[in-house]
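Read the structure below first, then the notes.
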Amino acid sequence: LSEKLDKALHVLKGHGSITEVNVAETLKEVRRALLDADVNFKIAKEFTNRVKEKALGQDVLTSLQPGQLMVKLVKDELTELMGGDAEGINLSGNPSVILMSGLQGSGKTTFSGKLANYLKNKKTKKPLLVACDVYRPAAIDQLHVVGDQLNIDVYSDKGNNDPVAIAQAGIAHAKQNGHNVVIIDTAGRLAVDKAMMDEISNIHKAIQPQETLFVVDSMTGQDAVITAKAFNDILNFDGVILTKLDGDTRGGAAISIKSVVNKPIKFIGTGEKMEAIDVFYPSRMADRILGMGDVVSLVERAQEQYDEEEARKIQKKIAKNQFGFDDFLKQIQQIKKMGNMKDLIGMIPGAGKMMKDVDIDDDAFKGIEAIIHSMTPDERSNPAVINASRKKRIGKGSGTSVQEVNQLLKQFNQMSKMMKMMQGGKGKAMMQAMKG
Ligand code: GDP
Ligand code: MG
């Protein structure tokens, strides 16, 4: 989607002058791009018509920067279409009960974990996960794995095949154990059918959750709209969770679902890891669709993951010239915690396009990590002692070559120097270094 829109808007961005034909052409391209992203035909048409009206109303043709104005109009309209300000989750109950709904494979179990972790990080929340997918023993285990990984309690009852009873018992368990949030993970099926709808509807009636969320795989395209409508008819849910919005997934589902069920999209899932959760901001999503990059999200996520204490410690070490490979390893782990490298890079404006053909993933760090792991503690804290024979040993131990070890040492030295300069003389020294 973004590529097509990019092309369409490119015509306008650079141009000082613009004609009515130009506007029509551009909007035709915008509409095509939306259709390509599986946005409903009617919605796409209404969208471009609205933009056209606004463009003419604001006299795009005689404005100083018609291209800029068009981009703004398209962006604003896209933002409006996807919803207003970000809406949170209703946590007014004690405990607050959150019910997950959606098809099998949409990402309910994964998102249950992500949300529990997200709320747990808010300090005042002590979530409990409840496993109500009674059809596959593996589904219960999956939730336990997630809970263990996050250090979050999970309530399940393997002998019981009544999801309503389990949900109720889970809530009772939460009350007894001081949990103030209960997240109920449910079973889904591959397609909408009566049995599934009856089941989720029964759970919903019995527990009357504060918040019912509909989880949908953003890659399902047009079908997402049909499923969303079916679930909304039964549950009148409170919000939508758009999962698998990573890599180059098209954002079309966001646009259509919002228009059809008129419920806010609350969160997005952007990867398989538990940290890959973001609040949904319509304007950022519009930016992303338009290829402007989701910088604000990137910065926010980086901030959340980066432990300030750790940062201060590292700064001190740099100042004292004590920054070693152990610290370097920690930094790599910080970066990895932020999520998939490709997703992160995709959020930087312009970089998405640049890096399209480059395959970057967490493996990029594997060699580096292996080399550092093969170093002795002494070598890590004082890399200067690494001589030729040590390099040979490290290469062997890590399954890399001496060249690779050399390269890492060289990079590390450069980085240390750079960091030292940024700490001390700041900009001035940097500039001098760059001038050589
Ligand atoms: P459920 O059947 O609705 O409970 O779905 P699961 O939570 O088991 O997820 C199904 C698959 O989708 C699993 O392999 C997840 O790892 C994967 N998945 C879930 N959310 C995301 C996401 O945001 N991005 C990606 N890339 N994969 C996801
Ligand atoms: Mg599941």
Exercise. Of the conditions (1) hydrophobic (A, V, I, L, M, F, W, C); (2) away from ligand 2 (no atom under 16 Å from the Cβ); (3) assigned by TED's automatic domain parsing to the domain that holds residue 185, residue 145 fails just one. Which one is it?
Worked result: (2)
Seminar exercise, completed: The correct count of residues that are within 29 Å of residue 229 (Cβ to Cβ) and of a type in the set (A, V, I, L, M, F, W, C) in segment 147-170 is 3
Problem set entry | Odd one out for residue 122 among (1) under 23 Å from residue 88 (Cα atoms); (2) touching a residue at least 12 places away in the same chain (Cβ under 8 Å) | (2)
For this session: Go through segment 173-208 and count every residue that is over 31 Å from the mean Cα position of the chain (by Cα), closer than 16 Å to residue 129 by Cβ and surrounded by 13 or more Cβ atoms within 10 Å (Cβ to Cβ).
Result: 2
For this session: Kindly establish whether residue 167 is more than 22 Å from the chain's Cα centre (by Cα), within 23 Å of residue 268 (Cα to Cα), within 16 Å of ligand 1 (Cβ to nearest atom) and not in a loop (DSSP other than H, G, I, E, B).
Result: no
Seminar exercise, completed: Within segment 132-152, restricting to residues that are of a type in the set (A, V, I, L, M, F, W, C) and within 24 Å of the chain's Cα centre (by Cα), the one that is nearest to ligand 1 (Cβ to nearest atom) is 139
Exercise. Residues 70, 82: which one is under 30 Å from residue 23 (Cβ atoms) and touching a strand residue (DSSP E or B) at 6+ places or on another chain (Cβ under 9 Å)?
Worked result: 82
For this session: Could you figure out which of (1) closer than 19 Å to residue 269 by Cα; (2) modelled with pLDDT under 95 isn't true of residue 116?
Result: (2)
Exercise. Within segment 217-226, can you find the residues that are at negative phi and surrounded by fewer than 21 Cβ atoms within 10 Å (Cβ to Cβ)?
Worked result: 219, 220, 222, 223, 226
Problem set entry | Where residue 254 falls short, out of the listed (1) more than 16 Å from ligand 1 (Cβ to nearest atom); (2) assigned to a helix (DSSP H, G or I) | (1)
For this session: Would you mind finding the one in 363, 359 that is assigned by TED's automatic domain parsing to the domain that holds residue 413, of a type in the set (Asp, Glu) and at pLDDT 65 or above?
Result: 363
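The values are calculated or read from the model by the stated rules, or taken from the named source; none is laboratory data. As the structure is a computational prediction, the values presented were derived from the model and not from experiment. Backbone-built Cβ (ideal geometry, glycine too); neighbour counts: all protein chains shown.
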